[in-house]
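The structure appears right after this line, and notes come after that.
The values are calculated or read from the model by the stated rules, or taken from the named source; none is laboratory data. Everything numeric in this text was worked out from a predicted model, so none of it was measured. Cβ coordinates were reconstructed from backbone atoms using ideal geometry, including for glycine residues, and neighbour counts include every protein chain displayed.
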Amino acid sequence: MPRTSKEIFSENLRNKLFAKNKNQAQLAKFVGVSQTSVSHWVNGEIMPRPKMVDKICVFLNCSPDELMTDQSKPVEYAPEDVIAEQLHERPILMRLMMFAMKLSDEEIDKLIKEIK
């Protein structure tokens, strides 16, 4: 079954935010919407209007095509220093990691699928 435009957009938006080391709050502030709106975009629940896509592209320094077309390539992992910085800045991520370390690979896979 082909993926919907919302699914493609949300995946590309998540990947771009991750690759640029940006978060939903920063995007929301830049484009002038609530963080809830950005969350809906990231989760594939709604699509932003075309003018908003243009603002998102300015924030992420990308083209609309990069957000709207299926990129079909694996997500790059963040360098260790980026991960360490995020763990330091967001203690809740450390708690999540400590919890995940107690899980089996199968349980982690299930958790990731549930989060997506």
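Assorted remarks:
- Complete set of residues in the stretch 91-107 that are of a type in the set (K, R) and either surrounded by 10 or more Cβ atoms within 10 Å (Cβ to Cβ) or touching a Ser or Thr at 6+ places or on another chain (Cβ under 6 Å) (or both): R95
- Selection status of I115, at pLDDT 85 or above and under 18 Å from the mean Cα position of the chain (by Cα): no
- Restricting attention to the stretch 4-46, the residues that are in a helix (DSSP H, G or I), of a type outside the set (D, E, K, R) and over 21 Å from I112 (Cβ atoms) add up to 10.
- The stretch 47-68, subset assigned to a loop (DSSP other than H, G, I, E, B) and either outside the structural domain of K16 (by TED's automatic domain parsing) or over 16 Å from the mean Cα position of the chain (by Cα) (or both), residue nearest to K116 (Cα to Cα): R49
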